[in-house]
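S.K.: First the structure, then my questions, so here it is.
The values are calculated or read from the model by the stated rules, or taken from the named source; none is laboratory data. The structure presented is a predicted model; accordingly, all values stated were derived computationally and were not measured. Using ideal geometry, Cβ is built from the backbone for each residue, glycine included, and neighbour counts are taken over all protein chains shown. Heavy atoms of the whole protein, side chains included, go into the accessibility calculation; ligands, DNA and RNA do not. Shrake-Rupley method; radii C 1.70, N 1.55, O 1.52, S 1.80 Å.
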Amino acid sequence: MTDETVHESQEKRSRRGIASYFRRLADRLSRGEPAPADEEQTVTVDPPAESDFEVEVEREDGTVSLEIDMQWDEAEGEVETDVVASKATFEVYEDSAEQYRWRLRHDNGNIIADGGEGYASKQKAKQGLESVKNNAPGAYVVDESKDEEAPSEGGSKATFELFKDSDDKARWRLRHDNGEIIADCGQGYSSKQKAKQGLQSVKSNARGAAVEDAE
């Protein structure tokens, strides 16, 4: 049978970014679900209950490499390409003040996140949503009512904050490490549980969501 490279990628990434990738992989594997091999989650692998697993740490010419290898018979596991993992779409639009904004709309029609501010250009709005794409999936969730703090290791460069607004509604916002709020829920929820479900939908759908211009 002919060898085929289904997916390959290489990039420089922070420890937190690497931890986020492995956490997403581990979560899917532990639930017995297809696991994403790429950041966009368009290539997934579904290994069998048991597979050959190899870890190798190697030194060569002043460079250290860590290689993790899983192998299984193709007939025992699935590989899917061109997967549409996201159930949402980023819409970029111009508001009545001629500012550019973005919103993340679920396939059911609900807006599950927005940028919370207008941008001077469409390019700036797209840069803002790209930050959400990159940081939402691996972001820790902290409850401000419990004075929780995000761990210093792992996660992403942003944190989901759960809080109550002046109307006693539960809300969430995604705050970047630089202090800026890069996304919020845009609405209040009747319970903290509902707010958590909302942000989990953003965590699950932001990475692979298509970007479209909207009216």
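S.K.: Condition first: more than 20 Å from the chain's Cα centre (by Cα) and of a type in the set (A, V, I, L, M, F, W, C). Now tell me which residues in segment 72-90 satisfy that. Lay out the reasoning, then the answer.
M.R.: Our first condition is that a residue be more than 20 Å from the chain's Cα centre (by Cα); within segment 72-90, this holds for 72-79.
Of everything in segment 72-90, those that are more than 20 Å from the chain's Cα centre (by Cα) and of a type in the set (A, V, I, L, M, F, W, C) turn out to be 72, 75, 79.
S.K.: Can you tell which of 181, 112 is out of contact with any Pro (no Cβ under 8 Å at 6 or more places or on another chain), open to solvent by 30 Å² or more (accessible area, probe 1.4 Å) and of a type in the set (A, V, I, L, M)?
M.R.: On the way: 112 fails: open to solvent by 30 Å² or more (accessible area, probe 1.4 Å).
Residue meeting the stated conditions: 181.
S.K.: Go through segment 107-147 residue by residue and tally those that are of a type in the set (A, V, I, L, M), under 15 Å from the mean Cα position of the chain (by Cα) and at pLDDT 95 or above. Spell out how you get there, then give the answer.
M.R.: The initial filter retains those residues of segment 107-147 that are of a type in the set (A, V, I, L, M), namely 111-113, 120, 125, 129, 132, 136, 139, 141-142.
Now drop any that are not under 15 Å from the mean Cα position of the chain (by Cα), which leaves 112-113, 129, 132, 136, 139, 141.
With at pLDDT 95 or above added as a condition, the list becomes 112-113, 129, 132.
Of the residues in segment 107-147, 4 are of a type in the set (A, V, I, L, M), under 15 Å from the mean Cα position of the chain (by Cα) and at pLDDT 95 or above.
S.K.: Taking residue 58 and the conditions (1) within 16 Å of residue 115 (Cβ to Cβ); (2) acidic (Asp, Glu); (3) free of Cβ contacts under 8 Å to residues at least 24 places away in the same chain, which numbered condition does it fall short on, given that it satisfies the others?
M.R.: (1)
S.K.: For residue 170, work out the one condition from (1) over 21 Å from the mean Cα position of the chain (by Cα); (2) closer than 24 Å to residue 20 by Cβ it doesn't fulfil.
M.R.: Here residue 170 meets the rest and fails (2).
S.K.: What residue, among those in segment 11-42 that are among the polar types (S, T, N, Q) and closer than 22 Å to residue 153 by Cα, is least open to solvent (accessible area, probe 1.4 Å)?
M.R.: Taking segment 11-42 and keeping what is among the polar types (S, T, N, Q), we get 14, 20, 30, 41-42.
Now restrict to residues that are closer than 22 Å to residue 153 by Cα: 14, 20, 30.
On the way: 14: 54, 20: 11, 30: 96 Å².
Here the answer is 20.
S.K.: Taking the residues in segment 149-162 that are among the acidic types (Asp, Glu) and open to solvent by 80 Å² or more (accessible area, probe 1.4 Å) as candidates, determine which candidate is farthest from the chain's Cα centre (by Cα). Write out each step before concluding.
M.R.: From segment 149-162, those among the acidic types (Asp, Glu) are 149, 153, 161; that's our starting set.
Next, from what is left, pick out any that are open to solvent by 80 Å² or more (accessible area, probe 1.4 Å): 149, 153.
Details: 149: 20, 153: 17 Å.
Selected residue: 149.
S.K.: Given the structure, is residue 4 touching a residue at least 40 places away in the same chain (Cβ under 8 Å), farther than 22 Å from residue 153 by Cα and open to solvent by 70 Å² or more (accessible area, probe 1.4 Å)?
M.R.: Details: touching a residue at least 40 places away in the same chain (Cβ under 8 Å): no; farther than 22 Å from residue 153 by Cα: yes; open to solvent by 70 Å² or more (accessible area, probe 1.4 Å): yes.
Criteria not met by residue 4.
S.K.: Looking at this structure, is residue 52 of a type in the set (Asp, Glu), at negative phi and open to solvent by less than 90 Å² (accessible area, probe 1.4 Å)? Break it down into steps so the answer makes sense when it comes.
M.R.: Details: of a type in the set (Asp, Glu): yes; at negative phi: yes; open to solvent by less than 90 Å² (accessible area, probe 1.4 Å): no.
No; evaluated as a whole, the condition is false for this residue.
S.K.: Which of the residues belonging to segment 1-59 are of a type in the set (A, V, I, L, M, F, W, C) and over 19 Å from the mean Cα position of the chain (by Cα)? Even if it seems obvious, please write down each step before you answer.
M.R.: Narrowing segment 1-59 to residues of a type in the set (A, V, I, L, M, F, W, C): 1, 6, 18-19, 22, 25-26, 29, 35, 37, 43, 45, 49, 53, 55, 57.
1, 6, 49, 53, 55, 57, listed by residue number.
S.K.: Would you tally the residues in segment 91-100 being under 25 Å from residue 199 (Cα atoms), open to solvent by 70 Å² or more (accessible area, probe 1.4 Å) and either within 23 Å of the chain's Cα centre (by Cα) or of a type in the set (Gly, Ala, Ser) (or both)?
M.R.: 0
S.K.: Could you list all residues from segment 205-215 that are of a type outside the set (Lys, Arg) and either free of Cβ contacts under 8 Å to residues at least 12 places away in the same chain or open to solvent by less than 40 Å² (accessible area, probe 1.4 Å) (or both)? First the steps, then the outcome.
M.R.: As a first pass, look at segment 205-215 and keep what is of a type outside the set (Lys, Arg): 205-206, 208-215.
Within segment 205-215, 205, 206, 208, 209, 214 meet the criteria.
S.K.: Give segment 66-113 a look and list any residue that's under 27 Å from residue 18 (Cα atoms), touching a Lys or Arg at 6+ places or on another chain (Cβ under 8 Å) and among the hydroxyl-bearing types (Ser, Thr, Tyr), or say none.
M.R.: Once the filter is applied, which keeps residues that are under 27 Å from residue 18 (Cα atoms), touching a Lys or Arg at 6+ places or on another chain (Cβ under 8 Å) and among the hydroxyl-bearing types (Ser, Thr, Tyr), segment 66-113 yields 86, 89.
Matching residues to (1) modelled with pLDDT under 95; (2) surrounded by 15 or more Cβ atoms within 10 Å (Cβ to Cβ):
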residue: 44; (1), (2): yes, yes
residue: 48; (1), (2): yes, no
residue: 58; (1), (2): no, no
residue: 82; (1), (2): yes, no
residue: 85; (1), (2): yes, yes
residue: 105; (1), (2): no, yes
